[in-house]
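The values are calculated or read from the model by the stated rules, or taken from the named source; none is laboratory data. Please read all numbers here as calculations on a predicted model, not as lab measurements. Note that each Cβ is placed from the backbone with ideal geometry, even for glycine, and that neighbours are counted across all protein chains shown. Each accessible area value is taken on the protein alone, full model and side chains, heavy atoms only, with ligands, DNA and RNA left out. Shrake-Rupley method; radii C 1.70, N 1.55, O 1.52, S 1.80 Å.
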Amino acid sequence: DEERNFLWSEKLKNAGYSFEINTYDSGHKGSSLNNLLATGNLNDMDLIIGAMYPEHNKELAKFAQKHDIPLVIPFTNKDNELFRNPMTYFINAPQSYIIPEVSEQFVNKFPNANVVFVEDTIKSNKREFIAELTDKLDINGLSHTTIPMSSITTPETTLITLKELLKDDMENIIIPTSSDAQTLNNLLPSLVQAKYIDTLDIADYKLFGYPEWQIHAKDTKEQLYEVDTYFYTTFYSHYSMPEVSKFQNDYIRRYNCAIQNIYPKYGMLGYDTGYYMLLAISMYGKELPDNINEVGYTPIQTGFHFERTAGWGGLINKKIYFVHYTRYYSIEKIDFGE
């Protein structure tokens, strides 16, 4: 059946690739991997993916470096020592590595931006992003201002505030300083209703936000469409995308259960990581670091673009997307390429 969506092992096998895959139980997070590593079973591996717990990564990374084996770390890790290890490949990078990429792509996407930051003093949790983006806006000569949430929580006050701040000849973009659901729920109704109160005199505007909004979207998606919403993320999937729908159906047929509705979806994270890295190591072998971004692959959820850290350290996946809920009630996944 040509329409069947094979899991990555089957798809790679059908493409002519062959693997011997070994799995090991690393035990609970308080245990050590020394006994496993001492067996020598991992000494000649071409690739290691894991471990599940951050507590095990330090031992595993030292082992990988000693034996010159690429180590793929699927989950976010904040251990600076690991980032200095040249054999490590980080799939989910810490926000400190992602935020500069987002800010760079923001000014590229909106080169004529007029940004209005909405400060939620109670729930503000994106200060690092706001500071980085503000610096990038200043460097590029783009205007920005900050207003309190209180000035934009009713349609009437919102209308007065926006008429004063928005500019007809610029891309007006509203950005809250919090990704919290309550902040979004307080903001959206006023922004939507303000448009209906006065659609002629108020300048056009967009809303820009955060990866957490894909969780909140199930309750607010109609309003997200109406205010022309963007958010950045390192992972995204939607059932309307054909490759996602096929994967979900095949997963249910294979495992007789649905994928957990969490973000990111670990079933998809495992699929994308396994497919990409196994294909990469098969194609390039020891030349993997120099060619890691040359693998042609359409992801289900997580894309890949690796950059090496300073001082010949590990490789970090800095791939980002902007997801756009358009006023035409469609969803656009914007891939900037590399």
Q. Solvent-accessible area per residue for the range 14-129 at a 1.4 Å probe radius, Å²?
A. 53
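Report the trypsin sites (Lys or Arg not before Pro) located in the range 160-240 that are in a DSSP loop and have at most 16 other Cβ atoms inside 10 Å of their Cβ, or state none. Provide the component values of the computation, followed by the final result.
On the way: sites: LYS163, LYS167, LYS195, LYS206, LYS218, LYS221; in loops: LYS167.
Within the range 160-240, the qualifying trypsin sites (Lys or Arg not before Pro) (loop, at most 16 other Cβ atoms within 10 Å) are LYS167.
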(Q) Quick check: from the Cα gyration tensor, does the range 129-228 come out rounded (a/c under 1.5), prolate or oblate? (A) oblate
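With +1 on the Cβ of every Lys and Arg and -1 on the Cβ of every Asp and Glu, and nothing else charged, how large is the dipole of the range 1-159 about its Cα centre, in debye rounded to the nearest 20? Mind dumping the intermediate values first?
Working: 14 positive and 22 negative charges, 60 e Å.
Taking the Cα centre of the range 1-159 as origin, the dipole is about 280 debye.
How high is the relative contact order of the chain, given as a whole-number percent (alpha carbon pairs under 8 Å, six or more residues apart)? List each step's numbers first, then the result.
Values: 510 pairs, mean separation 63.2, N = 338.
It rounds to 19 percent for the chain.
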Q: Round to the nearest 10 and report in Å² the accessible area of LYS62, as given by a 1.4 Å probe over the protein chains' heavy atoms.
A: 120
Q. Share of the chain's accessible area from carbon and sulfur, percent, 1.4 Å?
A. 48
Q.
So with the 1.4 Å probe, I'd like the accessible area per residue for the range 145-250, rounded to whole Å².
A. 42
Q | Label selected from (1) 213; (2) 156; (3) 288, the criterion being volume of the Cα convex hull per residue in Å³ as computed here | A | (2)
**Q.** Beta bridge orientation in the chain: antiparallel %, DSSP, nearest 5
**A.** 35
Q: Would you tally the net charge around LEU279, using a Cβ to Cβ cut-off of less than 12 Å, leaving LEU279 out, and scoring K and R as +1, D and E as -1?
A: 0
(Q) Could you tell me how far the Cα centroid of the range 219-283 sits from the Cα centroid of the range 170-190, in Å? (A) 25
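For the cross-link pairs LYS58/LYS136; LYS246/LYS333; LYS58/LYS246; LYS126/LYS218; LYS126/LYS195; LYS206/LYS319, which exceed 25 Å when the distance is taken from alpha carbon to alpha carbon?
Working: LYS58/LYS136 35 Å; LYS246/LYS333 18 Å; LYS58/LYS246 37 Å; LYS126/LYS218 22 Å; LYS126/LYS195 27 Å; LYS206/LYS319 23 Å.
Distance filter (> 25 Å) returns LYS58/LYS136; LYS58/LYS246; LYS126/LYS195.
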Q. What is the local net charge at PRO148, summed over the other residues whose Cβ is closer than 12 Å to its Cβ (Lys, Arg +1; Asp, Glu -1)?
A. -2
Q: Would you mind counting up the charge near PHE231? Only other residues with Cβ under 13 Å from its Cβ, with Lys and Arg at +1 and Asp and Glu at -1.
A: +2
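Compute the semi-axes of the equivalent ellipsoid of the range 248-288, taking the square root of 5 times each eigenvalue of the Cα gyration tensor, and list them largest first in whole Å. Before the final figure, lay out the partial values.
Details: eigenvalues 148, 28, 5 Å².
Equivalent-ellipsoid dimensions as semi-axes: 27, 12, 5 Å.
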Q) When the helices in the chain are scored as -39500 (n - 2.57) per DSSP H run of 4 or longer and the sum is shared across all residues, what 222 nm value do you end up with, to the nearest 500 deg cm²/dmol? A) -12500 deg cm²/dmol
Q. From the phi of every residue in the range 140-150, what ³J(HN,Hα) in whole Hz does the Karplus formula 6.51 cos²θ - 1.76 cosθ + 1.60 yield, where θ is phi - 60° and glycine or proline is x?
A. 9, x, 9, 7, 7, 8, 10, 10, x, 4, 4
Q.
How far apart, in nanometres, would the label points at SER330 and THR23 be if each is projected 7 angstrom from Cα along the Cα-to-Cβ direction?
A. 4.0
Q: List, in order, the whole-Hz ³J(HN,Hα) value for each residue of the range 63-74 obtained from phi through the Karplus relation with A = 6.51, B = -1.76, C = 1.60 and θ = phi - 60°; use x for Gly and Pro.
A: 5, 4, 5, 4, 9, 6, 10, x, 10, 9, 9, x
Q: Report, in degrees rounded to the nearest 10, the 0 to 90 angle that the Cα long axis of helix 181-197 makes with the longest principal axis of the chain.
A: 40
(Q) On a straight-distance basis, which aspartates and glutamates could pair with LYS123 in a cross-link, Cα separation under 20 angstrom, same-chain partners fewer than 8 positions away excluded? (A) GLU132, ASP180, GLU212, ASP219
Q.
Rounding to the nearest 10 and keeping the result within 0 to 90°, find how far the Cα-based axis of helix 127-139 lies from the longest principal axis of the chain.
A. 70
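Provide the gained length on full extension for the span GLU81 to ASN249, in nm with one decimal, where the gain is 0.36 nm per separating residue minus the Cα-Cα distance. Could you put the intermediate results ahead of the total?
Details: separation 168, 0.36 × 168 = 60.48 nm, distance 4.05 nm.
Stretched fully, the GLU81-ASN249 segment lengthens by 56.4 nm.
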